[in-house]
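The values are calculated or read from the model by the stated rules, or taken from the named source; none is laboratory data. If you're wondering where the values come from, they're calculated on a predicted model, not measured in any experiment. Glycine also receives a Cβ, built like all others from the backbone with ideal geometry; neighbour counts cover every protein chain displayed. The protein model used for the area step is the full one, side chains on, heavy atoms only, and it has no ligands, DNA or RNA in it. Shrake-Rupley method; radii C 1.70, N 1.55, O 1.52, S 1.80 Å.
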Amino acid sequence: QVREWKNEGSKRYMCTGRPGWLTVSLRVGKYKKTHKNIMINLMDVLEVDSERQVVRVEPLVTMGQLTAHLNPMGWTIPVVPELDDLTVGGLIMGTGIESSSHIYGLFQHTCVAYELVLADGSLVRCSPTENSDLFYAVPWSCGTLGFLVAAEIKMIPAKKYIKLHYEPVRGLQKICERFAEESKKKENSFVEGLVYSLNEAVIMTGVLTDEAEPKKINRIGNYYKPWFFKHVEKYLKADRTGIEYIPSRHYYHRHTRSIFWELQDIIPFGNNPIFRYLFGWMVPPKISLLKLTQGEAIRKLYEQHHVVQDMLVPMKSLEKSIQTFQADLNVYPLWLCPFILPNNPGMVHPKGDEAELYVDIGAYGEPKTKHFEARASMRQMEKFVRSVHGFQMLYADCYMTREEFWDMFDGSLYHKLREQMNCKDAFPEVYDKICKAARH
């Protein structure tokens, strides 16, 4: 298809032909209508190499599919981003994170090689030792350097359960201290925080295990079980710590049934025990279905009265960041997920020379600040995130100008490669794919 595009005279930019409503991101890109759509229906797990401890997959393999494939073989991947429908391609070209990222970094940091079809129609493999510039430039590039056709991801042995410890914490300073403390401990396989108000949170730490106390097993993924964030809140309300053993796959997809806490806005009675018992098997609705069926008016309403944002900030700025989120958005719960950010080349790396501990703050829901105005509030947030050397996840609404965007991200390697590989006529720049003007 790429060669055909070349033969036709390379008139338009190329993009993947997957319809915008199918993506998990809430946006639908306008560019799909004007660009040449290249169909990439590659959705298979290609090989599981247990000697090298690497799984090779095609870009449309989803997280749900990958864990279902690997777990019975005794393997999993180090970072399993939360929602079932997230694809490997999306997690590499965009980004992905999970509560194990304080050990392994972002999803891209667990990948050992990518295979891409470039603008000239050639197929290349890149890794830290082979075409390394391209290897480091691909993450966050949103498909603007080439088409991903395969990726190799590290595997680790799977265990049956996650022994999860719940700890309610009160007082913002204490929340941030405890969270940073637990995030530094490599003996924690998982660290996650749910912040229910400016001064209340539950911090969860988990370890992988094959043994479990039968009375403490909680299969949170069963359709009739309470939504996970509501279950966690019980520990806060009762003001007690607790320990549970959760089957691994249930833990990995713990926020899937309630789409974090987004479903409470879509089906307000969704967590009612009667609803869960009778109709729980029907949820969550696929995000793609919601996008396909929502009208223009609802989409506009969402944009103005609903926030879905992930900001990645250095751990040392966590307290300041939560205060800023409170002032500009006032959305709760907030999701806290720590990750180590290595000093690799590419668009996203810490300010200093060594790896630094960062935290992803996820705000999903209806802002409660008075006079919330999407554009003004988000521009304020983005300015704050730039000031602390943080990053905004690119799936979300971005209101930055081009200059501000390249102030937040390091474009040096990216632009060099676009020049070298003649991407300028083949793909739009990443900013033009994700900025507010690129959406309808």
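When the alpha carbon coordinates of segment 1-157 are projected onto the principal axes, the ranges are 49, 35, 25 Å, largest first. Size descriptors for segment 161-293 (Cα atoms only): Rg and Dmax, in that order, 15.7, 45 Å. Surface exposure of the chain, expressed per residue as accessible area with a 1.4 Å probe, stands at 43 Å². Distance between the C-alpha centres of segment 70-92 and segment 214-287: 20 Å, rounded to the whole angstrom.
Between segment 396-424 and segment 41-69, the C-alpha centres lie 30 angstrom from each other. Does anyone have the angle between helix 296-305 and the longest principal axis of the chain? Alpha-carbon axes, 0 to 90°, nearest 10? So the inclination is approximately 60 degrees.
Largest first, the residues 133, 120 sort by 1.4 Å accessible area into 120, 133. For the chain, the longest principal axis of the Cα atoms and the long axis of helix 374-387 meet at an angle of about 90 degrees. Largest mean-square fluctuation among 254, 56, 240, in a Gaussian network model of the chain whose springs join Cα atoms under 10 Å apart, belongs to 240. Split the accessible area of the chain by element, probe 1.4 Å, and carbon with sulfur accounts for 53%. Evaluating 6.51 cos²θ - 1.76 cosθ + 1.60 at θ = phi - 60° for every residue in segment 66-81, the Karplus couplings come out as 5, 5, 5, 7, 7, 4, x, 8, x, 10, 8, 9, x, 10, 10, x Hz, glycine and proline recorded as x.
Using DSSP, restrict attention to beta bridges with both residues in the chain and report what percent are antiparallel, rounded to the nearest 5.
95 percent
Semi-axes of the equivalent ellipsoid for the chain, computed as √(5λ) from the eigenvalues of its C-alpha gyration tensor and ordered from largest down, come to 33, 25, 22 Å. Between rounded, prolate and oblate, where does segment 329-425 land on the alpha carbon gyration tensor, with a ≥ b ≥ c its root eigenvalues, rounded for a/c under 1.5, else prolate if a/b exceeds b/c? Oblate.
Can you compute the label reach from residue 215? Point 7 Å from Cα along the Cβ direction, backbone N cut-off under 17 Å, restricted to segment 234-250. The answer is 241-246, whose backbone nitrogens lie closer than 17 Å to the label point.
With both bridge residues required to lie in segment 161-293, what share of the DSSP beta bridges run antiparallel, to the nearest 5%? Walk me through the numbers on the way to the answer.
On the way: 23 of 24 bridges.
If we restrict to bridges inside segment 161-293, about 95 percent are antiparallel.
Percent relative contact order of segment 1-157, based on C-alpha pairs within less than 8 angstrom and at least six residues apart? Show your work: numbers first, answer last.
Details: 277 pairs, mean separation 36.0, N = 157.
It rounds to 23 percent for segment 1-157.
Checking the cross-link pairs 36/370; 174/370; 160/351; 160/234 against a 32 Å limit on the alpha carbon distance flags 36/370; 160/351 as lying beyond it.
Taking amide H as placed 1.01 Å from N in the peptide plane, the amide H of residue 358 sits under 5 Å from that of 315, 339, 340, 341, each at least 5 places away or on another chain. Ranking 274, 92 from most to least accessible surface, computed with a 1.4 Å probe over the protein chains only, gives 274, 92. Report relative contact order for segment 161-293 in percent, whole number only (criteria: Cα-Cα under 8 Å, sequence separation at least 6). So the answer I get is 28 percent. Here the Karplus relation 6.51 cos²θ - 1.76 cosθ + 1.60, evaluated at θ = phi - 60°, turns the backbone of segment 238-249 into coupling constants of 7, 6, 9, 7, x, 10, 9, 10, 10, x, 3, 5 Hz, with x for every Gly and Pro.
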